[in-house]
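Enquirer: Just passing along the structure, written as C-alpha cells.
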There are 2 protein chains.
Amino acid sequence: MPAAGPLRFVPLGGLEEIGCNMMFFEYGNEIVAIDAGLGFPGEETPGIDYVIPNTSYLESKRANVRALIITHGHYDHIGAIPHIIEKIGNPPIYATALTKAIIEKRQADFRNSPRLKIITVKNGDKIKLSNHFSAEFFDIAHTIPDSTAVLLRTPVGNVVNLGDSKIERDSQGHPLGLGEYERIGRENILLFTAESTNADKPGHSESEYEVEKNLKELFAQAQGRIIVAMFASVLTRIGEAIKIAEKLGRRVALSGYSMKANVEIAKQLGYIKAHEGTLIPLEEIHKYPDSKLLILSTGAQGESNASLMKILNGEHRFVQIKAGDTVILSASVIPGNERSVQTVKDNLARQGAIIFSSDIVDIHASGHAPKEDQKLGMQLLKPKFLAPIHGYYYKRFVNAQNGIEAGISKENIFLLDNGEVAELTASSFRITGETVPASYVMVDGLGVGDVEEVVLRDRRNLAAEGMVVIITVIDRRTGRIAKNPDIISRGFIYLRAHQDLLEEIRKRLRNLMSQLPANQEVDSDYLKTLIRDQIGQYLFTRTRRRPMILPVVIEV
Amino acid sequence: MPAAGPLRFVPLGGLEEIGCNMMFFEYGNEIVAIDAGLGFPGEETPGIDYVIPNTSYLESKRANVRALIITHGHYDHIGAIPHIIEKIGNPPIYATALTKAIIEKRQADFRNSPRLKIITVKNGDKIKLSNHFSAEFFDIAHTIPDSTAVLLRTPVGNVVNLGDSKIERDSQGHPLGLGEYERIGRENILLFTAESTNADKPGHSESEYEVEKNLKELFAQAQGRIIVAMFASVLTRIGEAIKIAEKLGRRVALSGYSMKANVEIAKQLGYIKAHEGTLIPLEEIHKYPDSKLLILSTGAQGESNASLMKILNGEHRFVQIKAGDTVILSASVIPGNERSVQTVKDNLARQGAIIFSSDIVDIHASGHAPKEDQKLGMQLLKPKFLAPIHGYYYKRFVNAQNGIEAGISKENIFLLDNGEVAELTASSFRITGETVPASYVMVDGLGVGDVEEVVLRDRRNLAAEGMVVIITVIDRRTGRIAKNPDIISRGFIYLRAHQDLLEEIRKRLRNLMSQLPANQEVDSDYLKTLIRDQIGQYLFTRTRRRPMILPVVIEV
C-alpha cells in the first residue's frame, strides 16, 4: 500500500488538566482515537457539571473515524462517550469486558443516545482496526480490573499507550508484569505516549499488596463495625476488601449508587467473587452484630452527594455513625478536596468513630507510576520518541526529564499542548505548528457546550461581589422618573438592613435624571451607562465593593 | 484577696478553622485576652476578604478588659486588632518588640483607628496585668523571631499558652530550648492550652537547620539567578537566606510589598542583619550578573496578587523569568491552594526555570510541633488540665490522644468549641454549658460584619446557577401586560444566543397573566410567586438548571 504521508498524532485533552483524556492518530483518510474522558471543573468554572474534550476536528472528519479504543473503565477515560460518540460518527469502540459493561451502564443514563457498537477485546488480542491501523492489547496494572494497554501498529511504526498504569509488586517487593513491557519493547517502538500523573513523585509505585496487608490488620483489630470509604472505581481493592471480610466472617453491605452499580457489574463478570450470603442489603445490617459487618461506602473525598456524607449528616436511611465504628478513608486526597476531607474527619471524630486515613497508615496506593517506575517502563519499552501526556505541564516536563534519565535522547522528547498536531515518520517527529480546536466543552445541566466563557465570568463576578438591579420607570413625554425606582440586590450587602444606602441610591438617581434635558425622549442606553457608572462608583466609595450593576430603563 | 468565683476560660476563635485565634480568661471583673487573629475564608464564603473572631462578649464587658497579650506577629494572631481593639475598650497590648512593630505597621493601614497602647515585653519578663492576673513571657521556637509564650498566673492557678510553637533541633538532631519547658513545668501548671495544627502529623518537628543546609546546597549549585518564593512572615528563614547569599557573594533584592515591609522592620530592630550593600533595590538587579543575585519574593502559594504571580504573568516591572533561573518554592502548600501552586509550577516550567519545591526536597519546615513533640512538650509542662486549641476538631481530638499518651489523665482533657465557657478552680475544670457569641465576623471591603449568611448563600447560588430577572409591566386598570417583558440574565446561559428560550418565557408570562381575573388590581406578590414557580420550573425542565428567578412587577 502506498504511503499516505506522515502519521498525525493529536492529543485532544488531558494535557493541561486532570481528566478529559483523549487523543487521536490520523493516517490518510483513517483516524483511530484513544479514550474519551471527562474532567471535573475547578474554581474557574463555577456551577459546571464537568468538561469534556473538544471533538470538532473529529466531527468534521466523522466518516474517517474508524475506531475508538478505551483503555479502562474510569470516567476520566470513558465519561465523554455519551456526549461525543454520535457526533464523531458512532465508530466501533474497542474495550475489555468490564470496561464495556461500565460504558454501557453509563450510556443507559442518557436517553436518546445511540446504541454503541462495542467490540470486546482481551489482553493478548491482535485486531485489525482499518486498512492502516491494527492494535494489540496487553496487560498492565491499574486500580480497576481489566485495564488494558495498546500497541497501535501504524504505517510509520508502532505506538504504545499504557492508559493509566503502575508497576505492581509482590510481597517481597519484586516488580510484577515486567515481561509484557519487555515483550512490547522488542517490537521496535516508535512513539510512547507516557502518562505523567505521578511523574514528579519520587520512588516506586506503592504496592496494593501493602495496602491489603494494612487493611487486613485494621480489619482484624476492629471491635465494632467497619466502614471503608473509597472510590467506587477502585474495583480491585473493593474486591480485596470483600475477600478479607469473608475470612473474618464479616458480611458486606454496599452504600452509594455507584458502589452498588460497579460491584454488581464486576460480580456478574466474575471480577469480584463473593460467597453466597456475603453481600447483604444495607437495610438488613441491623440483623447482624456490629463485629460481623463491613460497609463499603463512597465519599472518601467528602463529595457532598456521596453516601458517607449522608451518613455523617444523619440523612442516611440505614446507617448512622456510632461510637466505636472504625472508619477507614482508603483514598488519597485529590488536590482541592482537602477542606472537605478535613470536615469529614472532624464530623467522624465528633460522632465517636475511630478514624484511619491514608496520610497516617498506607491504606491507599495510587494507580499511577511515580518517577522510578516511569523510568523503568521507558527503559523496557525503549521508544524512539517520547510524548509525555496526561498531566499538568510541570508533571509532563518532569516526565520528559525522566525520559532523559531513562536514556531517551533529549531531542526525541516532545511536550505538546492539547490540540497541537505532530507528524511522525519512521525516523522523525515534528510539531507542525498546526492546531485543532481543543478548548474545553462544558457540560452543565442538559446543555453541552452552551455555557460560554461570558457566563462563567459573570458567575465568578456574582460570587465575589454580588449584583444590584436598578429599575427606573420613566415618563416618555416628560423624560422624568414616573415611579420610585425599584432596587434589587443579591450577594452584595443585605439592603433591607441598609435603608440609608437604598435611599441614597434613589436620591442619586433622581439627581442624575434631573440633569438630563427635560421634555424630550431619553436615550435609554446613555441613561443606563450613567446609572452603571455613577451608582457603581458611589457604591464602591461607600463599601469598597464592586457589585455588578444592572440598570433597567422602562419608558411608559 | 477574697476569691471572686472560678476562673472562666473561653476560646473565641481558631478551634473550628485555621486562623482567627483568640481566647480570654475572666476572673471577677477582670478579663485578659490572648491573641486576636484573622482567618481566610473558604469556598463557603465567596468574596469575603477575611473573617475575625466575634468579640461581642468582650465588647459588652469592655471596661473589664485589662490586657491583650499577643504571642507573635503572624496575621492569624494579630490581624483582627485594627477591627476589634476600640470595641473592646482599647486595652493595653503586651507584645515583644518585633511583634509590636508589625502590629503598628498594620494599624497604620487603617485610618481613623485609635492609637494603640502597646507595652513592649521580652522573654523572661514578669508583668502584673491587673489585680488578679500577671504574666511571665518565655522563649519558644517558631518561624518568626521574637515569638513568645506566656505563663499566665491567675488566682486559681497557672495557665500556659505557647502561641504557635515547634521544638527546634541542632545539627546533631538534639532538641533545643527544652530547659524553658522544664522550668515552666516546675511552676505547677493548672491548664495548658495546646495548639493542634500538626497534632495529627507523626514524628518530630522538621528542623530549620536542615532547611538551611538544603537551601545552602541549592544556592551553591545554582548557576544563574536564584528566586526564593516564601511567606513574608517566615522572617527567621528570610534572615538565614540573606546570610547564605552574603557568603556566596550574591546581592539580595526583595520583591513584594509585605516582603519589603517585614524585612525593613526586622532589620531596624536587628532581627535581620545584612552588610552594607547586600540588599539592593529591585530596579537595580540589571547591574549585577545573574550568578550574583538572589531575589526573595512573596507568592509561594500562587496567591493571585503576590509578586511571583506578577513575575510569571509578565506584569512585573523589573523581573521576568528567564531560562536558567533557579526558583525555590520554600513553603508547604496550604490546603486549598494546590491548584494555584500547580499553575505556578506549570508556568515556571514553561518559562524555562529550574524548580525546587518542598515536596521534593526539604526546603520548608513547619512552625507547628507534630505528634511526638506535642507529647514531649506536655510531658515537660506537666499540666493538670489540657485544652487542645488552634485546629479543626479532628486535629484537636488527636491532640487529646497525644495528651493521654503523654500521661495526662483522660478525664482532665477537654475539647471545647469556639464560644464555650469553661470554669476552672485549683482542682476542677468544668464546661459550663454557657456560651458566648462566637460566629464569624466577616470583613469585606469597608464593612465589618455586614456580610450576612443570606448574602453568602446568594453568592453561592449565583455562582452555581446564575440568575434571571423578569420585569413585567402591568396596566393597573386592566391587570394586563402593558409592555413586552424585560428579561435579564447573568451566569445562567447566554440568553442572546437562545432567543427561542426568551420567546418561550415571554409567551408563558402572557399565558400566566391571561389566567388572572381581568379588570381588577393584580396582587403583585401573588404574581411574583407565580412567575418564580412557573418560569423556574420551565427553565429547569428545559436546562436542568435552577437559576435564581427575580420577578419584578411594575404597575403603571
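The values are calculated or read from the model by the stated rules, or taken from the named source; none is laboratory data. Fair warning: this is a prediction, and the values are worked out from it, not measured in the lab. Cβ placement follows ideal geometry from the backbone for every residue including glycine, while neighbour counts extend to all protein chains displayed.
Enquirer: Quick check on this structure: which one of B:266, B:229, B:241 is out of contact with any strand residue (DSSP E or B) (no Cβ under 9 Å at 6 or more places or on another chain) and either more than 26 Å from residue B:351 (Cα to Cα) or at pLDDT 95 or above (or both)?
Expert: Testing whether each residue is out of contact with any strand residue (DSSP E or B) (no Cβ under 9 Å at 6 or more places or on another chain) and either more than 26 Å from residue B:351 (Cα to Cα) or at pLDDT 95 or above (or both) leaves just B:266.
Enquirer: Same structure again: Output yes when any residue across the stretch B:494-510 is within 11 Å of chain A (Cβ to nearest Cβ), among the polar types (S, T, N, Q) and either farther than 30 Å from residue B:47 by Cβ or crowded, with 16+ Cβ neighbours inside 10 Å (or both), and no when none is.
Expert: no
Enquirer: Could you go through the stretch A:218-226 and let me know if any residue there is farther than 18 Å from residue A:367 by Cβ, aromatic (Phe, Trp, Tyr) and in the same structural domain as residue A:302 (by TED's automatic domain parsing).
Expert: Yes, some residue in the stretch A:218-226 is farther than 18 Å from residue A:367 by Cβ, aromatic (Phe, Trp, Tyr) and in the same structural domain as residue A:302 (by TED's automatic domain parsing).
Enquirer: Of A:26, A:16, which residue is closer than 20 Å to residue A:193 by Cβ and within 14 Å of another protein chain (Cβ to nearest Cβ)?
Expert: A:16
Enquirer: Go through (1) modelled with pLDDT under 95; (2) closer than 23 Å to residue A:78 by Cα; (3) surrounded by 20 or more Cβ atoms within 10 Å (Cβ to Cβ) for residue A:208 and report which single condition fails.
Expert: Looking at each condition in turn, residue A:208 falls short on (2).
Enquirer: Filter the stretch A:15-55 down to the residues that are polar (S, T, N, Q) and more than 17 Å from residue A:79 (Cα to Cα), then identify the one that is farthest from the chain's Cα centre (by Cα).
Expert: A:29
Enquirer: Looking at residue B:28, is it surrounded by fewer than 24 Cβ atoms within 10 Å (Cβ to Cβ) and under 22 Å from residue B:152 (Cβ atoms)?
Expert: yes
Enquirer: So, one more: Determine which single condition residue B:199 fails, assuming it passes every other condition in (1) modelled with pLDDT under 95; (2) aliphatic (A, V, I, L, M); (3) in a loop (DSSP other than H, G, I, E, B); (4) farther than 27 Å from residue B:317 by Cα.
Expert: Only one criterion in (1) modelled with pLDDT under 95; (2) aliphatic (A, V, I, L, M); (3) in a loop (DSSP other than H, G, I, E, B); (4) farther than 27 Å from residue B:317 by Cα is unmet by residue B:199, namely (1).
Enquirer: Does the stretch A:283-335 hold any residues that are surrounded by fewer than 19 Cβ atoms within 10 Å (Cβ to Cβ) and small (Gly, Ala, Ser), and which are they?
Expert: Correct list: A:291, A:304, A:314, A:323, A:324, A:332.
Enquirer: Checking residue A:354 against (1) away from every other protein chain (no Cβ under 14 Å); (2) farther than 27 Å from residue A:71 by Cα; (3) among the β-branched types (Val, Ile, Thr), only one condition comes out false. Which one?
Expert: (1) is the only condition that residue A:354 fails.
Enquirer: Here's something else I'd like to know. Of all residues in the stretch B:480-493, count the ones that are surrounded by fewer than 18 Cβ atoms within 10 Å (Cβ to Cβ) and over 45 Å from the mean Cα position of the chain (by Cα).
Expert: The qualifying residues number 5.
Enquirer: For residue A:434, state whether it is more than 10 Å from every other protein chain (Cβ to nearest Cβ) and in a strand (DSSP E or B).
Expert: When the stated conditions are applied, residue A:434 passes them.
Enquirer: Just a yes or no: is a residue in the stretch A:411-427 farther than 19 Å from residue B:547 by Cβ, among the hydroxyl-bearing types (Ser, Thr, Tyr) and away from chain B (no Cβ under 14 Å)?
Expert: Yes: the stretch A:411-427 contains one or more residues that are farther than 19 Å from residue B:547 by Cβ, among the hydroxyl-bearing types (Ser, Thr, Tyr) and away from chain B (no Cβ under 14 Å).
Enquirer: Do the conditions hold for residue B:363, that is, is it facing another protein chain (nearest Cβ under 10 Å), hydrophobic (A, V, I, L, M, F, W, C) and surrounded by 17 or more Cβ atoms within 10 Å (Cβ to Cβ)?
Expert: So residue B:363 does not fit the description; no.
Enquirer: Something else now. Among the residues of the stretch B:67-80, is any over 12 Å from the mean Cα position of the chain (by Cα), under 21 Å from residue B:437 (Cβ atoms), buried (at least 24 other Cβ atoms within 10 Å of the Cβ) and of a type outside the set (Ser, Thr, Tyr)?
Expert: Taking every residue of the stretch B:67-80 in turn, at least one turns out to be over 12 Å from the mean Cα position of the chain (by Cα), under 21 Å from residue B:437 (Cβ atoms), buried (at least 24 other Cβ atoms within 10 Å of the Cβ) and of a type outside the set (Ser, Thr, Tyr).
Enquirer: For residue B:531, indicate whether it is outside the structural domain of residue B:444 (by TED's automatic domain parsing), at pLDDT 90 or above and surrounded by 20 or more Cβ atoms within 10 Å (Cβ to Cβ).
Expert: yes
Enquirer: From the list A:400, A:422, exactly one residue is part of a helix (DSSP H, G or I) and touching a strand residue (DSSP E or B) at 6+ places or on another chain (Cβ under 6 Å). Which is it?
Expert: Result: A:400 is the single residue among A:400, A:422 that is part of a helix (DSSP H, G or I) and touching a strand residue (DSSP E or B) at 6+ places or on another chain (Cβ under 6 Å).
Enquirer: Given the options A:367, A:377, A:314, name the one that is of a type in the set (Gly, Ala, Ser) and touching a helix residue (DSSP H, G or I) at 6+ places or on another chain (Cβ under 8 Å).
Expert: A:377
Enquirer: Would you pick out the residues in the stretch B:525-556 that are in contact (Cβ under 8 Å) with a residue 40 or more places away in the chain, of a type outside the set (Val, Ile, Thr) and either in contact with a Ser or Thr (Cβ under 7 Å, 6 or more places away or on another chain) or within 11 Å of another protein chain (Cβ to nearest Cβ) (or both)?
Expert: B:539, B:542, B:545, B:546, B:547, B:548, B:550, B:551, B:555
Enquirer: For the stretch A:422-452: of the residues being crowded, with 16+ Cβ neighbours inside 10 Å and touching a Gly at 6+ places or on another chain (Cβ under 6 Å), which is modelled with the lowest pLDDT?
Expert: A:441
Enquirer: Which members of the stretch B:375-389 meet the condition of being under 19 Å from residue B:140 (Cβ atoms), out of contact with any Pro (no Cβ under 9 Å at 6 or more places or on another chain) and away from chain A (no Cβ under 14 Å)?
Expert: B:375, B:377, B:378, B:379, B:380, B:381, B:382, B:383, B:386
Enquirer: Right, next: Name the one entry in B:223, B:268 that is under 20 Å from residue B:355 (Cα atoms) and either surrounded by fewer than 21 Cβ atoms within 10 Å (Cβ to Cβ) or of a type in the set (Ser, Thr, Tyr) (or both).
Expert: Result: B:223 is the single residue among B:223, B:268 that is under 20 Å from residue B:355 (Cα atoms) and either surrounded by fewer than 21 Cβ atoms within 10 Å (Cβ to Cβ) or of a type in the set (Ser, Thr, Tyr) (or both).
Enquirer: Check the stretch B:453-464 and report whether any residue there is crowded, with 16+ Cβ neighbours inside 10 Å, within 11 Å of chain A (Cβ to nearest Cβ) and of a type in the set (Gly, Ala, Ser).
Expert: yes
Enquirer: Among the listed residues A:191, A:254, identify the single one that is in contact with a Leu (Cβ under 8 Å, 6 or more places away or on another chain), of a type outside the set (Ser, Thr, Tyr), more than 25 Å from residue A:395 (Cα to Cα) and buried (at least 23 other Cβ atoms within 10 Å of the Cβ).
Expert: A:254
A quick yes/no check of all residues on (1) farther than 28 Å from residue B:460 by Cβ; (2) out of contact with any strand residue (DSSP E or B) (no Cβ under 6 Å at 6 or more places or on another chain); (3) not assigned by TED's automatic domain parsing to the domain that holds residue B:147:
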| residue | (1), (2), (3) |
| --- | --- |
| B:16 | no, yes, no |
| B:20 | no, no, no |
| B:39 | no, no, no |
| B:46 | no, yes, no |
| B:54 | no, no, no |
| B:77 | yes, yes, no |
| B:80 | no, no, no |
| B:92 | yes, no, no |
| B:97 | yes, no, no |
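Enquirer: Does any residue of the stretch B:511-523 turn out to be under 19 Å from residue B:468 (Cβ atoms), within 14 Å of another protein chain (Cβ to nearest Cβ) and touching a residue at least 24 places away in the same chain (Cβ under 8 Å)?
Expert: Within the stretch B:511-523, none of the residues are under 19 Å from residue B:468 (Cβ atoms), within 14 Å of another protein chain (Cβ to nearest Cβ) and touching a residue at least 24 places away in the same chain (Cβ under 8 Å).
Enquirer: Among the residues of the stretch A:474-493, how many are over 12 Å from residue A:553 (Cα atoms), facing chain B (nearest Cβ under 10 Å) and assigned to a loop (DSSP other than H, G, I, E, B)?
Expert: Summing the residues that are over 12 Å from residue A:553 (Cα atoms), facing chain B (nearest Cβ under 10 Å) and assigned to a loop (DSSP other than H, G, I, E, B) in the stretch A:474-493 gives 3.
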